[in-house]
Amino acid sequence: MNFEQQALELFDYQMGRNPVYRKFVQLSRGKTFQPTCLDEIPCLPISFFKTHKVAARDCRDYFESSGTTGMARSRHFIHSKEAYLNNSVDIFQHHYGKDPGEFAWLALLPGYLDNPHSSLIAMVHHFIERSRYGASGFFLDDMEQLYRQLLILIEQGTPTVLLGVSFALLDFSERFQLPESSLFVMETGGMKGRRKELTRQELHQKLRGPLGTKQIHSEYGMSELQSQAYTQSEGWFSANHRLRVVVRPVDDPWGLQPFGKTGRLDLYDLANRESCPFIASSDLGTLKDKMNFKVLGRMDNSDIRGCNLLYQ
């Protein structure tokens, strides 16, 4: 069964089990509406996760968006955290051709550890536990220790991922200079009001020299999804066997933008079976082709998401 067939099957499942999604579809598209292809499946506005319990079955565990002080946070109720973690491993391996356990993981995510329901922390913690290198771990404000650990791993030739939120990676790069190496640097976005927002291109250019690497990778995810996307090259994220992206005009929730045109991103996540697989995001972007997309910013009058860049 291909992706589209699975998505159409999930539409029927959602209409039968998810009262929030069913009511949204009936009010917006009519009670007898039946999509015939992926592009026709209605996507639930992401704001519903702030105001409703979006679920197709009784789920008690949840992920919560990072947000900022005073901001309403989204809650994504999930049936199985283990399934989310397995899916995250599968997608990483599908994209990079290696299990995350084959890397040492050094995580620079200050502020995120304060959220016990962060999907990002859950994923990275799982990768750290899975790693066969004991040097893996979280680093908060002790950048001196992080620097020393990175020098040791680089000297040993250990395959290493330095994963961090944008403002923390910038702070680190302004204090320390790493030698040229094959260090794998991955940013998750997010200035969280601590620094001036930068385009992804500007951010990567600032990081490359001090961190001693020619390419900075990016991870795209959100608390309302269970799947992630990673950059392929030149800022293009690669969709995968669990995730597809459609671009729609900002003034037409049912229209389609051709490749290369900017619009709002609709996300189809097969792993979201028990919540809602069809999400209308507040992110602006464009499609290069069917499998590669770029995140270009945020729609006007939408909240700043804690773990995404405001402007890409």
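Read-outs throughout are calculated quantities, based only on the coordinates presented, and are distinct from any laboratory measurement. Keep in mind that what you see is a predicted model, and the values were worked out from it rather than measured. Please note: Cβ atoms are built from the backbone with ideal geometry, for glycine as well, and neighbour counts cover all protein chains shown.
Here are the numbers for the structure shown:
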read-out: Net charge of neighbours whose Cβ lies under 13 Å from the Cβ of N18, counting Lys and Arg as +1 and Asp and Glu as -1; value: +3
read-out: 5 angstrom amide H check on G297, placed H, neighbours 5+ away; value: L284, Q312
read-out: Cα centroid of the range 122-157 to Cα centroid of the range 239-295, whole Å; value: 34
read-out: Considering only the chain, percent of DSSP beta bridges that pair antiparallel, nearest 5; value: 65
read-out: Residue of S65, S28, S88 that the Gaussian network model of the chain assigns the largest fluctuation, springs spanning Cα pairs under 10 Å; value: S28
read-out: Mean Cα-pair separation over length for the range 81-220, i.e. relative contact order, pairs under 8 Å, 6 or more apart, %; value: 22
read-out: Contact order normalised by residue count of the range 1-54, Cα under 8 Å, 6+ apart, percent; value: 38
read-out: Gaussian network model of the chain, springs between alpha carbon atoms under 10 Å - residue of L178, L265, L85 with greatest fluctuation; value: L178
read-out: Theoretical ellipticity at 222 nm over the chain - DSSP helices of four or more residues, -39500 (n - 2.57) apiece, nearest 500; value: -9500 deg cm²/dmol
read-out: Acute angle (nearest 10 degrees) that the helix 166-175 long axis makes with the longest principal axis of the chain, alpha-carbon atoms; value: 10
read-out: Shape parameters for the chain, alpha-carbon atoms, Rg then Dmax in Å; value: 19.4, 63
read-out: Cα-based convex hull, the range 81-220, per residue volume (Å³, whole number); value: 107
read-out: Where the Cα pairs of the range 154-235 fall when distances are cut into 10 Å bins, in %; value: 17, 51, 27, 5
read-out: The range 224-279: C-alpha gyration tensor shape, a/c 1.5 cut-off, then a/b vs b/c; value: oblate
read-out: Mean separation of Cα contacts under 8 Å, 6 or more apart, over the residue count of the chain: relative contact order %; value: 19
